[in-house]
Structures are given as structure tokens and as C-alpha cells.
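> If you scroll down you'll find the structure; I have some questions about it.
The values are calculated or read from the model by the stated rules, or taken from the named source; none is laboratory data. Everything quoted here is computed from the prediction, not taken from an experiment. Quick reminder, even Gly has a Cβ in these numbers, built from the backbone with ideal geometry, and neighbours come from all protein chains shown.
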Amino acid sequence: MKLQVAMDVLTTEDALALAGKVAPHVDIIELGTPLIKAEGLRAITAIKKAHPDKIVFADLKTMDAGELEADIAFSAGADLVTVLGTAGDSTIVGAVTAATKHGKGIVVDLIGVADKVTRAREVIALGAEFVEMHAGLDEQAEEGFTFQTLLDDGETAAVSFSVAGGVNVSTIAAVQRAGATVAVAGGAIYGADDPAAAAAELRAAIV
């Protein structure tokens, strides 16, 4: 299982500083949606230039113009780009077309999707590299939701998946047991007093 850091910072400088601390312990460096909105494509290019050996994940959360948006992100240095699972199939297919051209990959983020299991299988069939079992803050507050819900959906879908939202040292073992391809840690790393130590601890918990 790979470890992904989600960098929810707002400047390229802060992203470079954080990535520099945690890169030895992670496989995938994610530029969060707010960072890309604030800084644009230059943030993607800067991170890839600084860490060419890492998988750079551009969390665009594309909803339309899939091929165009994915193409510009791949051209800027991204290795993986996200499209929302609520987008139409044609948007996802377009993004996959761009990924194929660049030799890169599309990840479909299932935030806001009611039936994550069914949609996960559908988008993998459309060519997505993996899906992200992701619950937003509002969804996490809904009655009956637990972190285990995401793990159960991933396991039931039986496709390649990542888990985002609630991954920390106390849950990462369960993420791996559920069969996740990638564990995505955000606040557990960047919110720690020592992000490098936090990333190292998460890495050590993966067996």
C-alpha cells in the first residue's frame, strides 16, 4: 500500500517546504484543490521539479472538460489527476484519453456519490486507474456515517481504491486490511508538530 500526503496549504512555497520534509516517507505528493486554485499550474510544476522521483497528484476535482483539464495538468507535470465521480461518463472518458496520451493516470474521487460501490466499478471500467473513497466534512457529519463505511465500500467494490478523510496512525492498519491501494493522509501529517516524524510513523505502520 502506498502512502499519499495531501497538502492542503495555499502557497507554492509552503507546499515545497512541506514536501521537502515528508518526501522521504511518502510515495505520492498531492497538491490539494485549494492550492491549485490559489497558485495554478506553477505549483504542480514546482513540486514535480523538486521531487521528480515522486508521483505528483493534482487534485483538480474536474467536473467538465475532462480531456482539456487533465491535459493541461499532465503537461504541467502531474502524474495523476482527479475527476469527480459525479461527473458524466464522457468527462471521465475524456480525462482518460488525455492520461493515455501522456502515459499518466486518472483517479476518480467519489466524494458526494451516494452509491460509491456501483460508481467505483463503473469508472474503473471507463479506464480510471483507481477510485478515491472520500467523504467530505458534511458527509462525515451525516447520521450513520463512520470511517468504516469508506473501508467497507472499497472492499465491497473490489477495485483499486484509495481512502481519504480520517487516515491516521490509529486507522491506517484498517485501511490496509480493507485492501486499499493508497492511504491518503492530510491533517495527520501537515497538522502535526513534526510533519516528517508523523509521515515516518504512518510509513512504519504499513506492513
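> State whether the residues of segment 139-158 include one that is among the aliphatic types (A, V, I, L, M), touching a Leu at 6+ places or on another chain (Cβ under 7 Å), touching a residue at least 12 places away in the same chain (Cβ under 8 Å) and under 24 Å from residue 56 (Cα atoms).
no
> In this structure, is residue 87 touching an Asp or Glu at 6+ places or on another chain (Cβ under 9 Å), modelled with pLDDT of 95 or more and outside any helix (DSSP H, G or I)?
Numbers: touching an Asp or Glu at 6+ places or on another chain (Cβ under 9 Å): yes; modelled with pLDDT of 95 or more: yes; outside any helix (DSSP H, G or I): yes.
For residue 87, the condition - touching an Asp or Glu at 6+ places or on another chain (Cβ under 9 Å), modelled with pLDDT of 95 or more and outside any helix (DSSP H, G or I) - is met.
> Further question: Check segment 128-146 and report whether any residue there is surrounded by fewer than 17 Cβ atoms within 10 Å (Cβ to Cβ), over 26 Å from residue 68 (Cβ atoms) and modelled with pLDDT of 95 or more.
Within segment 128-146, none of the residues are surrounded by fewer than 17 Cβ atoms within 10 Å (Cβ to Cβ), over 26 Å from residue 68 (Cβ atoms) and modelled with pLDDT of 95 or more.
> Kindly indicate the residue of segment 156-178 that is in contact with a strand residue (DSSP E or B) (Cβ under 6 Å, 6 or more places away or on another chain) and either closer than 18 Å to residue 107 by Cβ or of a type in the set (Phe, Trp, Tyr) (or both) and also surrounded by the fewest Cβ atoms within 10 Å (Cβ to Cβ) among those meeting that condition.
Here the residue is 160.
Every residue, every condition in (1) under 18 Å from residue 29 (Cβ atoms); (2) at pLDDT 95 or above; (3) of a type outside the set (Val, Ile, Thr), yes or no:
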residue: 119; (1), (2), (3): no, yes, yes
residue: 126; (1), (2), (3): no, yes, yes
residue: 151; (1), (2), (3): no, yes, yes
residue: 158; (1), (2), (3): no, yes, yes
residue: 163; (1), (2), (3): yes, yes, no
residue: 192; (1), (2), (3): yes, yes, yes
residue: 195; (1), (2), (3): yes, yes, yes
residue: 205; (1), (2), (3): no, yes, yes
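> What are the pairs, 6+ residues apart or on separate chains, where a residue within segment 51-76 that is without any contact (Cβ under 8 Å) to a residue 24 or more places away in the chain has its Cβ under 9 Å from a residue that is among the hydrophobic types (A, V, I, L, M, F, W, C)?
Partner pairs satisfying both residue conditions: 53/23.
> Now for a different question. Out of segment 123-155, which residues are closer than 30 Å to residue 101 by Cα, assigned to a helix (DSSP H, G or I), in contact with a strand residue (DSSP E or B) (Cβ under 9 Å, 6 or more places away or on another chain) and not β-branched (Val, Ile, Thr)?
Filtering segment 123-155 down to residues closer than 30 Å to residue 101 by Cα leaves 123-134, 154.
Applying the additional criterion that residues be assigned to a helix (DSSP H, G or I) yields 123-125, 154.
Narrowing further to those that are in contact with a strand residue (DSSP E or B) (Cβ under 9 Å, 6 or more places away or on another chain): 123-124, 154.
Answer for segment 123-155, where residues must be closer than 30 Å to residue 101 by Cα, assigned to a helix (DSSP H, G or I), in contact with a strand residue (DSSP E or B) (Cβ under 9 Å, 6 or more places away or on another chain) and not β-branched (Val, Ile, Thr): just 154.
> Which of the residues spanning segment 33-81 are surrounded by 16 or more Cβ atoms within 10 Å (Cβ to Cβ), of a type in the set (D, E, K, R) and within 13 Å of residue 12 (Cα to Cα)?
Scanning segment 33-81 gives 39, 48.
> Look through 29, 111, 36, 106 and report the one residue that is assigned to a helix (DSSP H, G or I) and of a type in the set (A, V, I, L, M, F, W, C).
36
> Looking at 117, 123, can you tell me which residue is within 30 Å of residue 76 (Cα to Cα) and of a type outside the set (Phe, Trp, Tyr)?
123
> Also, I was wondering about something else. So, in segment 1-27, how many residues would count as being of a type in the set (A, V, I, L, M) and surrounded by 20 or more Cβ atoms within 10 Å (Cβ to Cβ)?
Within segment 1-27, the first condition is being of a type in the set (A, V, I, L, M), and the residues that meet it are 1, 3, 5-7, 9-10, 15-19, 22-23, 26.
Still in the list and also surrounded by 20 or more Cβ atoms within 10 Å (Cβ to Cβ): 3, 5-7, 9, 15, 18-19, 22, 26.
Number satisfying all stated conditions: 10.
> Please determine whether any residue of segment 130-137 is of a type in the set (D, E, K, R) and within 23 Å of residue 189 (Cβ to Cβ). Reasoning before the result, please.
Going through segment 130-137, the residues of a type in the set (D, E, K, R) turn out to be 132.
Checking the rest, the ones that are also within 23 Å of residue 189 (Cβ to Cβ) come to 132.
Yes: segment 130-137 contains one or more residues that are of a type in the set (D, E, K, R) and within 23 Å of residue 189 (Cβ to Cβ).
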